[in-house]
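We did not get these values from a lab; they are worked out from the coordinates using the rules stated. Treat the numbers as computed from the prediction; the structure is a model and nothing was measured. Neighbour counts are summed over all protein chains in view; Cβ atoms, including those assigned to glycine, are modelled from backbone coordinates with ideal geometry.
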Ligand SMILES: Nc1ncnc2c1ncn2[C@@H]1O[C@H](COP(=O)(O)OP(=O)(O)OP(=O)(O)O)[C@@H](O)[C@H]1O
Ligand SMILES: O=C(O)[C@H](O)COP(=O)(O)O
């Protein structure tokens, strides 16, 4: 991969850059953790100082190919402007008239942000020709392309993958740094090596377990995906999050782990309630602790329980290398943050290397009062870092290596 310095003199050049600004927002659209925006500052500052005209592509959430103000990058433009100390010109569309005018009006050192690239149906399309057509419209906004959104390099999408084939390209300093730190984890992790998984992207995360079982000694499972494992074991899970299509997969994982002498650690108790309103940060009914064998049919599992906190913390502290992605429960709601808090604390006590990955996981450790330096590394990548650790080829990285 080339670096930004390898791109030569960038004075007056239009630099098209992919960032990962998929930050958590509250119901009033306040950014609750700006870690991913801060992580982009070194490259953006480097480009501004070089006199480049910067055109940023980014996504927020999963608007599924339609413009939707709920997913506008407006809060990101405002925060980025504050952090950079300059106006960030937000286009009203992705590649339309507003975007074209915004890019054309840039002076040296100025910054434009295109609206959420996932407003464009072709951005995430499986149809290569559709993606290539959109990528050509992005490429028309730049003389060179810089890839700095580490959190999305696992996605074969127009603004991450296809556009890199059309322009001279380089990896930004965030991508370079993440790759070098995570590489150390894949090459020679000190053992025992534990991977802790949670969060809400259940289907995505279940699919990485197969390969993680080959590299890690222990897998600790909390968050939304734990209920698919419990259901696979024939337990009742009430109204909890579940991926019905993956029950057999989970049964296979449990069998594979046993055959390989690996450990998949599941909770023994969970916190349940009647339901929740995520936007309002409100849980319905009392929060009760129940055994995983006795989850009532009308309840929703929203965190691991206190006995599991101890079990998980002990497993984490016994490891020499720990990678954690995905909160243990709906930590954004105070009553449901205990499990995540216990895991975060255990990671700070690891006698070895502890790495936290993912936008929401990083947000969790910070909102729970931890500072970044209590961990070995906080990666901006959730799914991206997991796939990297699996040993998978990441399209957003390999495209840079192959098209230089
Ligand atoms: N039992 C549960 N039921 C529903 N949601 C849950 C549960 N446990 C955790 N979550 C939610 O999971 C979300 C984070 O999941 P995600 O998989 O996106 O994590 P991440 O990988 O850190 O973030 P990102 O993918 O953005 O990098 C949090 O908002 C949290 O509220
Ligand atoms: O939050 C993330 O992990 C990245 O921004 C990628 O988002 P995605 O899982 O919606 O592709």
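Using the Kirkwood radius over C-alpha pairs as Rh, can you work out the diffusion coefficient of the range 186-225 via Stokes-Einstein at 25 °C, viscosity 0.890 mPa s, in µm² per second?
The diffusion coefficient I find is 230 µm²/s.
Would you please calculate the Kirkwood hydrodynamic radius of the chain over all C-alpha pairs and express it in Å, rounded to one decimal?
21.8
Per the Cauchy relation, a quarter of the hull surface: what is the mean projected area of the convex hull of the alpha carbons in the range 154-226, in nm²?
One quarter of the hull surface, i.e. the mean projection, equals 6.4 nm².
Assign one of three labels to the range 200-356, namely rounded, prolate or oblate, based on the Cα gyration tensor with a ≥ b ≥ c the square roots of its eigenvalues; rounded applies when a/c is under 1.5, prolate when it is not and a/b is larger than b/c, and oblate otherwise.
oblate
By average Cβ neighbour count within 10 Å, what is the ranking of 88-96, 234-242 from highest down?
Result, highest mean Cβ count within 10 Å first: 88-96, 234-242.
With a/c under 1.5 counting as rounded, go ahead and sort the range 1-53 into rounded, prolate or oblate using the C-alpha gyration tensor (a ≥ b ≥ c being the square roots of the eigenvalues; past the cut-off, prolate if a/b is larger than b/c, else oblate).
prolate
How many angstrom lie between the Cα centre of the range 164-236 and the Cα centre of the range 109-154?
Cα centroid of the range 164-236 versus Cα centroid of the range 109-154: 25 Å apart.
Between the range 280-303 and the range 2-69, how many Å separate their Cα centres?
Cα centroid of the range 280-303 versus Cα centroid of the range 2-69: 39 Å apart.
Once you have a ≥ b ≥ c as the square roots of the Cα gyration tensor eigenvalues for the range 4-174, tell me rounded if a/c is under 1.5, and otherwise prolate or oblate according to whether a/b is larger than b/c.
Verdict is rounded for the range 4-174.
Could you work out how far helix 338-348 tilts from the main Cα principal axis of the chain, as a 0 to 90 degree angle to the nearest 10?
Helix 338-348 and the main axis of the chain meet at about 70 degrees.
Just to be sure I understand the model, the point goes 7 Å from the Cα along the line to the Cβ. What's the resulting residue 38 to residue 180 distance in nm?
Computed distance between label sites residue 38 and residue 180 equals 2.1 nm.
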